[in-house]
Amino acid sequence: MKKQMKKQLLELLSLLEEAHEEIKKGIEKEDRLTVAVCLEECQNTAIAIGEKIDEIEGEGTTSVESLESYCELTYTIHEQTLGGESLNPFRIYNKLQKSYLEIYDRVNNDIPEVREVVFLPYKASMWDSLESVWKKAADDPLIDAKVIPIPYYDKNPDGSFRQLHYEGAEFPAYVPITHYDSYDFEKCHPDEIYIHNPYDDRNTVTSVHPFFFSKNLKQYTDKLIYIPYFVLEEINLKDKNAIKAFAYFAQVPAVMYADEVIVQSENTRQFYIESMVLLAGEKERKTYEQKIKGTGSPKIEKIKSMSEAEIHIPDSWNKYLYRADGRKKKVILYNTSISAFLQQSEQMLYKMEQVFNIFKSRQNDVALLWRPHPLMEATIISMRPQLWNKYQQLVENYKQGDIGIYDDSADMNRALVLADAYYGDGSSLVTLCKAIHLPIMIQNASVIYTDSNYSR
């Protein structure tokens, strides 16, 4: 039985105790009509509770047996009341209370309590930040785990909502999906809610539907838990300037409103705590020390556990991955990040075009797997709209020119498992590459190779 339902049944049961007091008072006042009515209400309440337990747990539970005995007791007292027999208020009260306490004990202790745990991813490509936690919950017979992908909007340059997206169909087939419209958060009131979107209304590129802001979700659960969709390079805690420079990763609504925050390491935990103390003051240090846990990132767990044998490679990729003689080429994962693009937008477009030309000239030996950030297009439309056509043309030239694999799928880990090395911008992918010991080279948009076949 779900914890919330059990709680409701126990609250309903507690009404019997109040009714017993009224029955005792009615007997003392010789108000037999009131006593009879109260007894009927007690019996009806017990029957309703018993039917609900039968519906959820099946017939034959000890709880229902106790309820049946209670109904027999209330019927007998009811008959004595209407028959004019002498009634001892204290003896009647004690009998009813004894039966009630037996029911309460059996419902409370004999019915297993199933917690309802809800996972609210918004982008399928970020599901790996929650997946290992969901798998553990789904394997627990005392947890009812639900995955409810939530809708999100792209934003216009003025901050207004643009297109609505829902990616429920893009999750792995083994993940059972519940549609957000079919779940009543107020009625179900899940025991725990997991989120990976930290921003609420602070993201300038996208926004989850306002109902799913962490500030709002907090009222619909006993415990709101935030796990970042990204991983960070470990911060040097002795470098106060570094903490200030990267504090924006931690100073987000989800960290403020969540009851628990789970980050990738103890070092990162300390970074989050110091960042929040910078924002909220030393008086809040204990609050954040208690809520932030450095127990590890599911993203890192996921990628460490994967092998090439378990990934699905689209047939269309094979012409890039293999030589004519069937030997596999070296695969370079090329990652372009939002932050790097926003810092040097025009230069980044030039740099990317040059990178593509260089790799095209070396296609016999190396396969380029370009994976732009999942929100790159939405970011350009929202924050660099004047460059949208240029970026679109760059993507189209890459695809039509058969330069390499263009991977905008939700499965980031497939690219990491396939890759022999990483090249691109600094991002959370670099941390994941380090976790699996993948060689890394960070690109510099300001460095242009004069030996490429591209002329400006």
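The values are calculated or read from the model by the stated rules, or taken from the named source; none is laboratory data. Source: prediction; values computed, not measured. Using ideal geometry, Cβ is built from the backbone for each residue, glycine included, and neighbour counts are taken over all protein chains shown.
Does the stretch 33-49 include one or more residues that are touching a residue at least 40 places away in the same chain (Cβ under 8 Å), touching a Phe, Trp or Tyr at 6+ places or on another chain (Cβ under 6 Å) and under 30 Å from Thr221 (Cα atoms)?
Our first condition is that a residue be touching a residue at least 40 places away in the same chain (Cβ under 8 Å); within the stretch 33-49, this holds for 35-36, 39, 42, 46, 49.
Narrowing the set further to residues that are touching a Phe, Trp or Tyr at 6+ places or on another chain (Cβ under 6 Å) leaves 46.
From the residues that got through so far, the ones that are under 30 Å from Thr221 (Cα atoms) too are 46.
Yes.
Considering (1) at pLDDT below 95; (2) among the hydrophobic types (A, V, I, L, M, F, W, C); (3) under 26 Å from Leu438 (Cβ atoms); (4) not in a helix (DSSP H, G or I), say which one Ala367 fails and leave the rest.
Evaluating Ala367 over (1) at pLDDT below 95; (2) among the hydrophobic types (A, V, I, L, M, F, W, C); (3) under 26 Å from Leu438 (Cβ atoms); (4) not in a helix (DSSP H, G or I) leaves (1) as the failure.
Would you please name the residue that is surrounded by the fewest Cβ atoms within 10 Å (Cβ to Cβ), looking only at residues in the stretch 137-152 that are in contact (Cβ under 8 Å) with a residue 40 or more places away in the chain and more than 20 Å from Gln4 (Cα to Cα)?
My answer is Pro151.
Please verify whether Ile23 is surrounded by 15 or more Cβ atoms within 10 Å (Cβ to Cβ), more than 30 Å from Val114 (Cβ to Cβ), modelled with pLDDT of 95 or more and in contact with a Phe, Trp or Tyr (Cβ under 8 Å, 6 or more places away or on another chain), treating the condition exactly as stated.
yes
Would you please name the residue that is surrounded by the most Cβ atoms within 10 Å (Cβ to Cβ), looking only at residues in the stretch 153-171 that are among the hydroxyl-bearing types (Ser, Thr, Tyr) and farther than 15 Å from Asp181 by Cβ?
Applying the filter and picking the extreme gives Tyr153.
For the structure I just gave you, tell me whether Ile103 is β-branched (Val, Ile, Thr), out of contact with any Cys (no Cβ under 6 Å at 6 or more places or on another chain), farther than 15 Å from Glu22 by Cα and modelled with pLDDT of 95 or more.
Criteria met by Ile103.
Yes or no: Glu167 under 30 Å from Gln8 (Cα atoms) and of a type in the set (Asp, Glu)?
On the way: under 30 Å from Gln8 (Cα atoms): no; of a type in the set (Asp, Glu): yes.
Answer is no for this residue.
Restricting the search to the stretch 296-338, which residues are under 24 Å from the mean Cα position of the chain (by Cα) and outside any helix (DSSP H, G or I)?
Gly296, Ser297, Met306, Ile311, Ser337
Looking for something surrounded by fewer than 20 Cβ atoms within 10 Å (Cβ to Cβ), over 25 Å from Asn203 (Cβ atoms), at pLDDT 95 or above and not β-branched (Val, Ile, Thr) - is there at least one such residue anywhere in the stretch 268-278?
Scanning the stretch 268-278, I find at least one residue that is surrounded by fewer than 20 Cβ atoms within 10 Å (Cβ to Cβ), over 25 Å from Asn203 (Cβ atoms), at pLDDT 95 or above and not β-branched (Val, Ile, Thr), so the answer is yes.
Within the set of pairs 6+ apart or on separate chains, which have a first residue in the stretch 316-333 that is without any contact (Cβ under 8 Å) to a residue 24 or more places away in the chain, a second that is among the hydrophobic types (A, V, I, L, M, F, W, C), and C-beta atoms under 9 Å apart?
Ser316/Ile405; Tyr322/Ala367; Lys328/Leu321; Lys328/Ala367
Looking only at the stretch 56-76, count every residue that is small (Gly, Ala, Ser) and in a loop (DSSP other than H, G, I, E, B) and tell me the total.
Total satisfying the criteria: 2.
Kindly indicate which of Gly60, Gly83 is over 48 Å from the mean Cα position of the chain (by Cα) and over 12 Å from Ile103 (Cβ atoms).
Step by step, each of Gly60, Gly83 is checked, and only Gly83 is over 48 Å from the mean Cα position of the chain (by Cα) and over 12 Å from Ile103 (Cβ atoms).
Could you list, in sequence order, the residues of the stretch 279-295 that are of a type in the set (A, V, I, L, M) and surrounded by fewer than 18 Cβ atoms within 10 Å (Cβ to Cβ)?
Across the stretch 279-295, the qualifying residues are Leu279, Ala280.
Output yes when any residue across the stretch 200-221 is of a type in the set (A, V, I, L, M, F, W, C), surrounded by 17 or more Cβ atoms within 10 Å (Cβ to Cβ), within 18 Å of the chain's Cα centre (by Cα) and modelled with pLDDT under 95, and no when none is.
No, the stretch 200-221 contains no residue that is of a type in the set (A, V, I, L, M, F, W, C), surrounded by 17 or more Cβ atoms within 10 Å (Cβ to Cβ), within 18 Å of the chain's Cα centre (by Cα) and modelled with pLDDT under 95.
What is the residue count in the stretch 96-136 for residues that are part of a helix (DSSP H, G or I) and either buried (at least 17 other Cβ atoms within 10 Å of the Cβ) or among the hydroxyl-bearing types (Ser, Thr, Tyr) (or both)?
Going through the stretch 96-136 one residue at a time, the tally reaches 18.
From the list Gln347, Gln363, Gln343, pick out the single residue that is closer than 26 Å to Asp411 by Cβ, surrounded by fewer than 20 Cβ atoms within 10 Å (Cβ to Cβ) and either outside the structural domain of Asp407 (by TED's automatic domain parsing) or polar (S, T, N, Q) (or both).
Just one listed residue meets the conditions, Gln363.
For the structure I just gave you, tell me whether Ile338 is assigned by TED's automatic domain parsing to the domain that holds Leu432 and surrounded by 15 or more Cβ atoms within 10 Å (Cβ to Cβ).
Considered against the rule, which asks whether it is assigned by TED's automatic domain parsing to the domain that holds Leu432 and surrounded by 15 or more Cβ atoms within 10 Å (Cβ to Cβ), Ile338 comes out as yes.
Out of (1) charged (D, E, K, R); (2) in contact with a Ser or Thr (Cβ under 7 Å, 6 or more places away or on another chain); (3) modelled with pLDDT of 95 or more, the odd one out for Glu68 is which?
Condition (2) is where Glu68 drops out.
Starting from residues that are part of a loop (DSSP other than H, G, I, E, B) and in contact (Cβ under 8 Å) with a residue 40 or more places away in the chain, keep the ones in the stretch 405-423 and report whichever is surrounded by the most Cβ atoms within 10 Å (Cβ to Cβ).
Across the stretch 405-423, the extreme among qualifying residues is Ala419.
Just the residues that are under 17 Å from Tyr288 (Cα atoms) and either of a type in the set (D, E, K, R) or more than 26 Å from the chain's Cα centre (by Cα) (or both), please, taken from the stretch 245-262.
Selection gives Asp259, Glu260.
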